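Novice: Starting off with a structure, shown below.
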Amino acid sequence: MRVHVADHPLITHKLTVLRDVNTPSPVFRALVEELMTLLAYEGTRGVRVEPVEIQTPVSPTTGVRIAEPRPLIVPILRAGLGMLEGMTKLVPTAEVGFLGMARNEETLEPTTYAERLPDDLTGRQCFVLDPMLATGGSLAAAIEFLLKRGATDVTAICILAAPEGLAFIEKELEGHDVTVVLGAVDERLNEHGYIVPGLGDAGDRLYGTV
Ligand code: PRP
Ligand code: URA
């Protein structure tokens, strides 16, 4: 597994405002989208392209275009939905599949409550979006789901991670071609499985408490 922490002052600045408990929902939502666009730039460094011949006003030249099959973006509902627009702005031709997962607040185990993905992901490059990688249970389950459908090249893009969650993903997905791109790695998890210092419950801060 490759882990890449995007180290950029704009990301750290936006993350600081995102973490602030006084940041209201509309600003939080805008920041998640902006952070996603910055992380997408890093996260799509390995996006597959193929050569294409074009004609400029001056001469023919060879450029590149995103290769077929098109990449698949998979936001993990709910909180990952807040990142989708930031990603599709950069890769508008990608397809989008959905996974709904909720973590049980007591056991911290994830359950999958929704799935809308292609049956066969052989040869597809997949980009999983979830702002929070806490215990790693949700992300590991999401990636395992994609691997079972034939995906061999998966990049997860998260805004914050806990060291414990990264270690869990590394152990669970050993031997698979997985890249994790992050805005920051925080200190630890607290006794409730929340990232410290973190930003609280990302889904609630995006969409309110359900
Ligand atoms: C949050 C978050 C991740 C998960 C991380 O979602 O968006 O999916 O928790 O925790 P883990 O690494 O310990 O599995 P949550 O289950 O709260 O659902 P939500 O997005 O609907 O708020
Ligand atoms: N899910 C969140 O939204 N925040 C955390 O800190 C941990 C899990």
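Where a number appears in this text, it was derived from the coordinates with a stated rule and is not lab data. All values derive from a computational prediction rather than experimental measurement. Here the Cβ is made from the backbone with ideal geometry for all residues, glycine too, and neighbour counts use every protein chain on show.
Novice: Would you order VAL49, VAL154 from fewest to most other beta-carbon atoms within 10 Å of each residue's own beta-carbon?
Specialist: Working: VAL49 11, VAL154 25.
Ordered from fewest to most neighbouring Cβ atoms within 10 Å, VAL49, VAL154 come out as VAL49, VAL154.
Novice: Relative contact order, percent, of the range 62-210 when contacts are C-alpha pairs under 8 Å separated by at least 6 residues?
Specialist: 20 percent
Novice: Calculated from DSSP H runs of 4 or more alone, at -39500 (n - 2.57) each and per residue, what is the 222 nm mean residue ellipticity of the chain, nearest 500? Walk me through the intermediate numbers first.
Specialist: Numbers: 6 runs with 68 residues, N = 210.
Mean residue ellipticity, 222 nm, calculated: -10000 deg cm²/dmol.
Novice: Further question on the same structure: Past the 15 angstrom mark, what percentage of all C-alpha to C-alpha distances in the range 55-126 do you count?
Specialist: 65 percent
Novice: Find the centroid of the Cα atoms in the range 65-86 and in the range 123-180, then give the distance between the two in whole Å.
Specialist: Taking the Cα centre of each part, the range 65-86 and the range 123-180 sit 14 Å apart.
Novice: Using DSSP to call loops (not H, G, I, E or B), can you name the GluC sites (Glu not before Pro) in the range 4-108 whose Cβ has at most 13 other Cβ atoms within 10 angstrom?
Specialist: GLU105, GLU106
Novice: Sticking with this one: Tell me the relative contact order for the range 1-139 as a rounded percent, counting alpha carbon contacts under 8 Å between residues six or more apart.
Specialist: Relative contact order comes out at 21 percent.
Novice: Which far-off residues, 5 or more places away or on another chain, put their amide H under 5 Å from the one on VAL96, with H placed in the peptide plane?
Specialist: ILE73
Novice: Now for a different question. Take SER25, SER138, SER59 and order them by how many other Cβ atoms sit within 10 Å, fewest up front. Before the final figure, lay out the partial values.
Specialist: Working: SER25 12, SER138 26, SER59 6.
Lowest count first: SER59, SER25, SER138.
Novice: I need the shape label for the range 81-183. Rule: rounded when a/c is under 1.5, else prolate if a/b > b/c, else oblate, with a, b, c from the alpha carbon gyration tensor.
Specialist: rounded
Novice: Counting only DSSP beta bridges with both residues in the range 66-185, tell me the antiparallel percent, nearest 5. Write down the numbers at each step before the final one.
Specialist: On the way: 6 of 28 bridges.
Here the share of antiparallel DSSP bridges comes out near 20 percent.
Novice: Lysines within cross-link reach of LYS148: Cα-Cα under 25 Å, excluding same-chain residues under 8 positions apart?
Specialist: Those lysines meeting the cut-off are LYS171.
Novice: Tally the DSSP beta bridges in the chain and give the antiparallel ones as a percent, rounded to 5.
Specialist: 35 percent
Novice: If I fit a long axis through the Cα atoms of helix 163-172 and take the longest principal axis of the Cα atoms of the chain, what angle between them do I get, 0 to 90°, rounded to 10?
Specialist: Tilt relative to the chain: about 60 degrees.
Novice: Hey, another quick one. Using alpha carbons only, how many degrees (0 to 90, rounded to 10) separate the axis of helix 81-90 from the longest principal axis of the chain?
Specialist: Computed tilt is about 20 degrees.
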